[in-house]
Amino acid sequence: MAYQPLPFRAIAANVLLAVEQGQSLSQCLPSALNQLPPEQRPQLQAICYGTCRWFHRLESELNQRLKKPLRKPDRIIHHLMLVALFQLRYSEQATYAVLNETVEACRALDKPHLTGLVNGVLRAAEREGAPAPKDDSGRFSHPVWMVEKLRHNWPDDWQAILEANNQQAPMTLRVNALRFKRDEYLNLLSEAGIEAHATRFAPSGIQLQRPVPVDRLPWFEDGAVSVQDEAAQLCTTLMDLQPGQRVLDACAAPGGKSCAILEACGELDEVVAIDESAERLPRVQENLDRLDLHATLTQADAADIDSWWDGTPFDRILLDVPCSATGVIRRHPDIKLLRRESDIVPLASIQLGLLEAMWSILKPGGRLVYATCSVFPQENHRIIQRFLKQQNQATLKCIEADWGRDMNTGRQLFPDPDSHDGFFYAVLEKPEP
Ligand SMILES: C[S@@+](CC[C@H](N)C(=O)[O-])C[C@H]1O[C@@H](n2cnc3c(N)ncnc32)[C@H](O)[C@@H]1O
């Protein structure tokens, strides 16, 4: 018998099941996309991202519609119905196509005994419309613990943060300052028919009106620009980079900030880029190659200094630590399913450990910039407080800026629907003896 590829909704259900079991979309989506002809791939991608984005709201509706949860071996059909509900509620797809093809997908997934249930649930959903969410988890489409933690941490801002997390993020570019002035590149974009404007805070940033494939960007392959959020670009404004400095990017992959550092100051002595992930480190080299930049790459646990450090202290250190990534949920909605409340304490301990280790290899008179893409103070403000308690030599440098919120330790940015992601930055200096 000829091989029958799975219908794309069945593939989407499998992707969601994999995410529920702990894989990120960037891990499991590429092989799923390869199962489809190129013209169907954007639709699969949009469905997977959209269903993750609205997962908790859709699940709240589905649970209200099911008399009892499906048996564990039938869990795939739970996800198939979430995919169909996503299409009914958030896409332009014709209702009859969603209903008929979802029933077909149920059959293709080898669950013919559930076609009646799927049909009944989706017909009722179509007839009755979306029910009012029962709680804030359904209302804001986030896990309960995240809603509660944000409400507790940011009593005046939690709702705005949750709502911003559900928006599609803009596409933002960083102009390679070694190649073009921002205005020059804005002109090139305009000539190419791409609407864009300068970012408000990042000096080399350009925000596009609508996302475009990178191959439509003028001179992209030749290293004219990179895709990077505006908040991430702000790191170079804090590093006070000067010719001749030796700079460490301690958690570097995929290399967005290493490249930004090299572009911001063309005459640095050396940039050392470290990452512990053998899988992610090659991405740094790819980015450096495209931009025609050079850095010394090392795969290591940055905190295990004896395993990689040559004994020469650094003038500048960027420490962009692993974190909950709760400031970039709008770009990675699978974080809502992947992250657990119990992840935060171990993450905070890794972050403090990395900060202590990096501090020990900073030159007297040198500067360390601590960064996360988290909106939880436990990974941000409180890490700096804890560090300062034990390191009374460290000087906290006040960040004078018109972005973010002053936390006395650093500046916290929340995701902004019109511009940047959520981020935190703190700047520490080591006094000369
Ligand atoms: C937030 S990402 C860095 C993003 C990067 N700075 C950029 O702008 O493209 C955090 C990185 O830290 C790496 N990492 C985690 N623990 C590490 C450790 N102990 N030493 C070095 N790298 C680590 C992860 O593999 C991940 O690539």
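Values in this text are rule-based calculations from the coordinates and carry no lab data. This is a predicted model, so every value here is computed, not measured. Using ideal geometry, Cβ is built from the backbone for each residue, glycine included, and neighbour counts are taken over all protein chains shown.
Report, ordered by chain and residue number, the aspartates and glutamates lying within cross-link reach of Lys336, taken as a straight Cα distance under 15 Å and ignoring same-chain residues fewer than 8 apart.
Partners within reach: Glu20, Glu59, Asp136, Glu148, Glu163.
Quick one: compute a quarter of the convex hull surface over the Cα atoms of the stretch 347-414 and quote it in nm². Walk me through the numbers on the way to the answer.
Working: hull surface 18.6 nm².
Orientation-averaged projected area of the Cα hull: 4.6 nm².
From the C-alpha coordinates alone, can you work out the Kirkwood hydrodynamic radius of the chain, in Å?
23.5 Å
If exposed means no more than 14 neighbouring beta carbons inside 10 Å and the site is in a DSSP loop, what's the longest run of the chain without any exposed GluC sites (Glu not before Pro)?
Within the chain, the longest run free of exposed GluC sites (Glu not before Pro) spans 280-399.
Wrap a convex hull around the Cα atoms of the stretch 230-429, take a quarter of its surface area, and give that in square nanometres. Numbers along the way, then the final one.
Numbers: hull surface 44.2 nm².
About 11.0 nm², averaged over all directions.
Which FRET efficiency, nearest 0.05, do Gln167 and Glu432 yield, Cβ-Cβ r, R0 51 Å? Provide the component values of the computation, followed by the final result.
Working: r = 46 Å, r/R0 = 0.90.
FRET efficiency, Gln167 to Glu432: 0.65.
Given Lys68/Lys134; Lys149/Lys389; Lys363/Lys397; Lys72/Lys149, which pairs have Cα atoms separated by over 21 Å?
Cα-Cα > 21 Å for Lys149/Lys389; Lys72/Lys149; rest within.
Order of Leu66, Leu362 from fewest to most other C-beta atoms within 10 Å? Show your work: numbers first, answer last.
Numbers: Leu66 13, Leu362 21.
Ranking Leu66, Leu362 by Cβ neighbours within 10 Å, fewest first, gives Leu66, Leu362.
Which of the trypsin sites (Lys or Arg not before Pro) across the stretch 1-103 are loop residues per DSSP, with 11 or fewer other Cβ within 10 Å?
Numbers: sites: Arg9, Arg53, Arg57, Arg65, Lys67, Arg71, Arg75, Arg89; in loops: Lys67, Arg71.
Filter output for the stretch 1-103: Lys67, Arg71.
Quick check: residue separation of Asp310 and Leu6 times 0.36 nm, minus the Cα distance between them. What number comes out in nm? Can you show the working numbers first?
On the way: separation 304, 0.36 × 304 = 109.44 nm, distance 5.33 nm.
Here the segment from Asp310 to Leu6 would lengthen by 104.1 nm.
For the residue pair Asp406 and Asp418, what label-to-label distance in nm results when each label sits 7 Å from Cα along the Cα-to-beta-carbon direction?
Modelled inter-label distance: 2.3 nm.
For Phe387, Phe201, which order do you get if you count the other beta carbons within 10 Å of each Cβ and list the fewest first? List each step's numbers first, then the result.
On the way: Phe387 20, Phe201 17.
Lowest count first: Phe201, Phe387.
Going by C-beta contacts inside 10 Å, put Ser137, Ser24, Ser31, Ser226 in order with the fewest on the left.
On the way: Ser137 20, Ser24 14, Ser31 11, Ser226 23.
With the sparsest Cβ surroundings first, the list reads Ser31, Ser24, Ser137, Ser226.
For the stretch 8-140, state the semi-axes of the equivalent ellipsoid (square roots of 5 times the eigenvalues of the alpha-carbon gyration tensor), sorted largest first and rounded to whole angstrom. List each step's numbers first, then the result.
Details: eigenvalues 89, 57, 46 Å².
Semi-axes (√(5λ), whole Å): 21, 17, 15.
Over the stretch 230-429, what is the relative contact order in whole percent, taking alpha-carbon pairs under 8 Å and six or more residues apart? Don't jump to the answer; show the numbers that get you there.
Values: 403 pairs, mean separation 42.0, N = 200.
Worked out over the stretch 230-429, it gives 21 percent.
Test of the criteria: in the stretch 324-408, which trypsin sites (Lys or Arg not before Pro) are in a DSSP loop and have at most 13 other Cβ atoms within 10 angstrom of their Cβ?
Arg340
Can you pull the one-decimal nm distance between simple spin-label points at Lys134 and Cys398, each 7 Å off the Cα toward Cβ?
Result for the modelled spin labels: 5.1 nm.
Once each part is reduced to its C-alpha centroid, what is the distance from the stretch 144-218 to the stretch 223-250 in angstrom?
17 Å
Scan the stretch 109-142 for trypsin sites (Lys or Arg not before Pro) in coil per DSSP, keeping those whose Cβ has at most 12 other Cβ atoms within 10 Å, and list them by number.
Values: sites: Arg123, Arg127, Lys134, Arg139; in loops: Lys134.
For trypsin sites (Lys or Arg not before Pro) across the stretch 109-142 that sit outside H, G, I, E and B with at most 12 neighbouring Cβ atoms in 10 Å, the list reads Lys134.
Across the stretch 68-76, in residue order, what do the Karplus-derived ³J(HN,Hα) couplings come to in whole Hz, using 6.51 cos²θ - 1.76 cosθ + 1.60 with θ = phi - 60° and x for Gly and Pro?
Per residue, the Karplus-derived 3J(HN,Hα) values read 8, x, 5, 5, 3, x, 9, 4, 4 Hz.
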